[in-house]
There are 2 protein chains.
Amino acid sequence: MSASPLKIGLAGFGNVGAGVYKNIEKNRHLLRERTGRDLIVTRIAVKDLEKARPIELPADIVTTDLDALTSDKEIDLIVELIGGIDRAFELVKTSLENGKAVVTGNKALLAERGQELFAIAEKHGKPIYYEAAVAGGIPIIKTVQESLIGNHIQSVAGIINGTCNYILTRMSEAGLDYKEALGEAQALGYAEADPTLDVNGWDAAHKAIILASLSYGCWVPCDQIHVEGIENVNATDIGFAEKLGYVIKLLGIIQLHEETGSIEVRVQPSLVAKDHILASVKGVFNAILVQGDIVGETLFYGSGAGQDPTSSSVIADIADASYALETSGGSGFVTHGLYGKPMPIEETVSKYYLRVEAEDRPGVLARIATVLGSHDIGILSVIQPEDHDEEYAPIVLMLHFAPFGKVREAINQINAMDCIRDEPIFFRVEDLG
Amino acid sequence: MSASPLKIGLAGFGNVGAGVYKNIEKNRHLLRERTGRDLIVTRIAVKDLEKARPIELPADIVTTDLDALTSDKEIDLIVELIGGIDRAFELVKTSLENGKAVVTGNKALLAERGQELFAIAEKHGKPIYYEAAVAGGIPIIKTVQESLIGNHIQSVAGIINGTCNYILTRMSEAGLDYKEALGEAQALGYAEADPTLDVNGWDAAHKAIILASLSYGCWVPCDQIHVEGIENVNATDIGFAEKLGYVIKLLGIIQLHEETGSIEVRVQPSLVAKDHILASVKGVFNAILVQGDIVGETLFYGSGAGQDPTSSSVIADIADASYALETSGGSGFVTHGLYGKPMPIEETVSKYYLRVEAEDRPGVLARIATVLGSHDIGILSVIQPEDHDEEYAPIVLMLHFAPFGKVREAINQINAMDCIRDEPIFFRVEDLG
């Protein structure tokens with residue numbers, strides 16, 4: 001291989017950006033040995049030149065001007081870690097147009113405007129790498145794109161938000177309520193001061209959209225997928241789930257339905273059987289279960305966020321880009337064709353957990369069962385514990401496979417019954433094979 | 001990309017070879033879309049032309065002559081799935097010399113003669129791919145080589161033999177004894193009629209050697225690593241382990257010790273804490289835990305054997321080779337330098353589980369403790385159950401971190417004591433972080 005160094009423009013010097021710089025420095029020798037060349041950050045764009053930083057940067061390589069990176073003819077590769085959408089889009093677009101490869105960790109950017117960006121990349125014959133955009137240090141992008149290349153991907157089910165998984169784990173194992181667990185996550189730096197994007201499911205949703213695009217070559221628009229967060233998960237349901245042999249996890253589900261050619265993409269808190277390997281993914285860890293028609297069941301586990309794990313993925317992308325730029329210039333295999341269309345959430349099928357707080361008098365269960373039956377929804381099991389307050393009793397039902405739309409309809413009817421106190425709570429139960 | 005097809009010579013048409021052929025046919029369209037070219041098996045070398053096969057092969061592409069493949073100028077790539085060492089070595093060597101890329105799933109070949117083969121490959125500028133050689137469908141080779149390229153690998157711990165994991169899972173969960181579980185594995189096709197290479201640990205050892213070479217660039221000679229199988233694992237110890245909060249797994253351990261620059265490579269049945277994710281790897285599944293200095297803890301899980309999962313890896317290698325042959329011709333990153341030397345097993349350190357059947361009279365535990373103390377081995381806990389036969393009582397001790405050599409010495413001394421009935425049984429207890 002050539003001995004000429006790869007010159008990198010690093011845009012963004014927040015948590016991950018600083019990690020990329022630090023770890024390239026730290027393992028410079030190893031990287032040179034393995035890639036056959038030096039990887040050198042020659043320019044860094046920061047937001048604020050005056051900001052105190054734990055890492056000292058040579059003054060002559062730092063700028064606040066993104067154009068100084070994209071217009072620098074010496075730079076081979078731009079690493080986009082500025083976040084956000086509009087400025088990041090312009091940065092990536094201009095970089096590609098100026099003949100540079102791009103590495104990005106920006107999941108929102110790709111989920112919202114990936115289709116446009118990959119078209120621009122193709123037009124200019126320059127690659128975009130994005131391993132860090134999904135599940136931090138877990139190499140799920142390369143795995144699906146390259147290692148499972150011979151497989152039709154049948155389904156993907158992922159714990160792809162560490163903040164939510166930490167909160168749910170602590171609620172389940174330490175008996176904390178949602179607010180306590182969230183507070184703890186914030187105190188430990190696992191959740192932001194404003195945790196909205198994590199707990200409302202949208203961080204996971206952006207990753208699910210990217211995984212769907214990789215698996216099925218189809219960019220599902222953000223407004224066409226169903227996203228629920230964990231704000232409504234509470235200790236009562238975690239307790240009942242536990243009794244039934246399940247834990248509650250926030251899952252991103254991606255699945256092709258061959259009959260209709262449509263792709264199910266959704267993020268929802270879901271019951272997972274305790275003895276399934278996904279149930280043993282705890283704390284801030286992420287894991288992604290991928291089912292392929294040849295390989296069968298596979299799972300990839302690791303840190304889904306954090307400075308170091310995420311920079312491990314960025315560095316792997318830089319190495320890949322370095323290799324590609326020296327050879328063909330392409331990014332390997334084609335995965336962004338157009339195979340499918342999103343499946344409406346109403347049509348997606350699973351089992352369900354349903355908890356109803358109903359008046360404790362004869363006939364109530366029969367009325368609930370009648371509504372479910374009239375919607376063709378089978379009941380798998382019922383728990384009605386003896387200890388409850390005098391007037392209202394919780395009834396927990398496990399429901400058979402049914403379309404989400406029908407279940408929601410039935411539950412709305414149940415909710416309208418005069419014997420029901422609070423709005424019924426229901427979660428999907430995922431049969432993960 | 002060019003539209004010229006990649007021409008493949010497939011050597012070996014056993015279980016995996018037939019799977020590769022079948023699955024390339026099955027997903028031909030997908031592979032063409034993703035790789036940009038046709039992958040065509042133009043020649044197949046079989047052992048016996050007359051053998052009845054479930055897959056019908058065009059007569060004109062089948063031969064019993066390996067030279068017909070290696071000398072065929074049209075063939076770009078040889079897939080070596082004939083197994084064994086000497087003939088496979090010649091086949092791979094000749095293929096490389098004749099300018100062909102090679103894909104192999106032959107772990108014994110690489111563990112025994114990988115160093116020579118990679119030197120030949122380098123000399124001729126042609127790549128060898130071997131994803132299928134370790135852990136079947138799990139893409140661990142590419143992950144360590146490419147996705148973790150920026151990491152110093154700190155340790156690898158793998159459940160890398162599905163037969164053993166099936167047997168241990170059934171012993172643990174169904175209470176079977178070793179022979180019953182082995183019989184069941186044979187009946188289900190998870191173990192060979194002669195299961196020696198699986199149950200004695202050598203299949204796992206070959207994989208561990210390959211993982212060590214990838215992680216540390218050092219080919220550890222087969223005769224310099226310590227290998228134990230599962231033949232001596234019994235229901236009694238599985239029961240005690242369970243009480244102590246552990247399961248027993250056959251683990252391949254690979255770890256660099258920076259102080260000495262030496263590499264620990266060993267295969268041993270070991271106690272793993274029940275709440276560790278490796279403990280939830282059951283049945284014939286494999287999983288590999290990789291610790292990197294940047295990425296932290298990662299785990300890769302899937303089917304470690306079988307026609308389809310293994311062929312998924314072979315096909316991924318074929319796709320990679322196809323891409324490499326169209327571009328640089330190389331195989332990506334360099335990982336086979338020479339960094340380390342094997343660490344003698346005596347120096348390797350862990351905690352231990354020790355079970356002794358001793359005469360049930362005063363002073364015995366004190367004598368055992370004295371021997372351990374004189375070898376600087378701390379005791380973490382002791383179990384001596386009340387229900388036992390009248391003369392001999394089992395004593396189970398959990399021992400603190402100590403070098404294997406010292407522990408073996410101490411146990412030999414304990415074994416020589418007149419109050420000890422059977423040879424003491426001990427297993428390592430792995431602290432997997």
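The requirement of being free of Cβ contacts under 8 Å to residues at least 12 places away in the same chain, away from every other protein chain (no Cβ under 14 Å) and of a type in the set (S, T, N, Q) is satisfied by B:Gln186. In the set A:Asp387, A:Asp376, A:Asp418, A:Asp422, only one residue is touching a residue at least 60 places away in the same chain (Cβ under 8 Å) and surrounded by fewer than 14 Cβ atoms within 10 Å (Cβ to Cβ); that residue is A:Asp422. Taking the conditions (1) within 11 Å of another protein chain (Cβ to nearest Cβ); (2) in contact (Cβ under 8 Å) with a residue 12 or more places away in the chain; (3) surrounded by fewer than 23 Cβ atoms within 10 Å (Cβ to Cβ) in turn, A:Ser280 satisfies each one other than (2). Scanning segment B:288-305 for residues that are surrounded by fewer than 22 Cβ atoms within 10 Å (Cβ to Cβ) and either closer than 10 Å to B:Ile138 by Cβ or at the interface with chain A (Cβ under 8 Å from one of its Cβ atoms) (or both) gives B:Asp293, B:Gly296, B:Glu297.
For (1) assigned to a loop (DSSP other than H, G, I, E, B); (2) among the basic types (Lys, Arg); (3) in contact with a strand residue (DSSP E or B) (Cβ under 7 Å, 6 or more places away or on another chain); (4) closer than 15 Å to A:Thr143 by Cα, each residue gets a yes or a no:
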{"position": "B:Ile149", "(1), (2), (3), (4)": "yes, no, no, yes"}
{"position": "B:Gly158", "(1), (2), (3), (4)": "no, no, yes, no"}
{"position": "B:Tyr166", "(1), (2), (3), (4)": "no, no, no, no"}
{"position": "B:Arg170", "(1), (2), (3), (4)": "no, yes, no, no"}
{"position": "B:Leu176", "(1), (2), (3), (4)": "yes, no, no, no"}
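In this structure, is A:Phe285 crowded, with 24+ Cβ neighbours inside 10 Å and farther than 25 Å from A:Glu347 by Cα? Yes. Restricting segment A:265-277 to residues that are surrounded by 20 or more Cβ atoms within 10 Å (Cβ to Cβ) and at pLDDT 95 or above leaves a set whose member that is nearest to the other protein chains (Cβ to nearest Cβ) is A:Val272.
Being hydroxyl-bearing (Ser, Thr, Tyr) and within 28 Å of A:Val144 (Cβ to Cβ) is the requirement here; does B:Thr94 meet it? In short, no. Could we say that A:Val41 is under 23 Å from A:Ala135 (Cβ atoms) and within 14 Å of another protein chain (Cβ to nearest Cβ) here? So A:Val41 does not fit the description; no. If you go through segment A:78-93 and pick out every residue that is of a type in the set (Val, Ile, Thr) and either surrounded by fewer than 18 Cβ atoms within 10 Å (Cβ to Cβ) or on the phi > 0 side of the Ramachandran plot (or both), you end up with 1.
For segment A:306-317, residues that are more than 7 Å from chain B (Cβ to nearest Cβ) and surrounded by fewer than 24 Cβ atoms within 10 Å (Cβ to Cβ) total 2. Please enumerate the residues belonging to segment B:259-286 that are part of a strand (DSSP E or B) and under 23 Å from B:Tyr353 (Cα atoms). Answer for segment B:259-286, where residues must be part of a strand (DSSP E or B) and under 23 Å from B:Tyr353 (Cα atoms): B:Glu264, B:Val265, B:Arg266, B:Val267, B:Gln268, B:Pro269, B:Ser270, B:Leu271, B:Val272, B:Ala273. Here B:Phe300, B:Phe240 are screened, and the one residue that is in contact (Cβ under 8 Å) with a residue 12 or more places away in the chain and either among the β-branched types (Val, Ile, Thr) or in contact with a Leu (Cβ under 9 Å, 6 or more places away or on another chain) (or both) is B:Phe300.
Taking the criterion of being outside any loop (DSSP other than H, G, I, E, B) and either among the hydroxyl-bearing types (Ser, Thr, Tyr) or touching a Gly at 6+ places or on another chain (Cβ under 9 Å) (or both), the residues of segment B:40-65 that qualify are B:Val41, B:Thr42, B:Arg43, B:Ile44, B:Ala45, B:Thr63. When you scan segment B:69-77, do you find a residue that is within 13 Å of chain A (Cβ to nearest Cβ), crowded, with 21+ Cβ neighbours inside 10 Å and in contact with a Leu (Cβ under 9 Å, 6 or more places away or on another chain), even just one? Scanning segment B:69-77 turns up no residue that is within 13 Å of chain A (Cβ to nearest Cβ), crowded, with 21+ Cβ neighbours inside 10 Å and in contact with a Leu (Cβ under 9 Å, 6 or more places away or on another chain). If the condition is being within 8 Å of another protein chain (Cβ to nearest Cβ) and surrounded by fewer than 22 Cβ atoms within 10 Å (Cβ to Cβ), then segment B:143-173 contributes only B:His152.
Within segment B:353-397, being assigned to a strand (DSSP E or B), touching a helix residue (DSSP H, G or I) at 6+ places or on another chain (Cβ under 8 Å) and over 16 Å from B:Glu423 (Cα atoms) holds for B:Ile379, B:Ser381, B:Val382, B:Ile383. Counting only residues that are loosely packed, with under 14 Cβ neighbours inside 10 Å and in a helix (DSSP H, G or I), segment A:184-198 holds 2 of them. A:Leu256 meets each of the listed conditions (1) more than 14 Å from every other protein chain (Cβ to nearest Cβ); (2) over 30 Å from A:Glu180 (Cα atoms); (3) crowded, with 20+ Cβ neighbours inside 10 Å; (4) touching a residue at least 60 places away in the same chain (Cβ under 8 Å) apart from (1). Only one of the numbered conditions (1) outside the structural domain of B:Glu423 (by TED's automatic domain parsing); (2) among the aliphatic types (A, V, I, L, M); (3) modelled with pLDDT under 95 is not met by B:Val314, and that is (3). The set of residues in segment B:108-131 being under 20 Å from B:Leu66 (Cα atoms) and under 22 Å from the mean Cα position of the chain (by Cα) consists of B:Ala108, B:Leu109, B:Leu110, B:Arg113, B:Leu117, B:Ile128, B:Tyr129, B:Tyr130.
The values are calculated or read from the model by the stated rules, or taken from the named source; none is laboratory data. Predicted model only: the values in this text are computed from it and were never measured. As a convention, Cβ positions derive from the backbone with ideal geometry for all residues, glycine included, and neighbour counts pool all protein chains shown.
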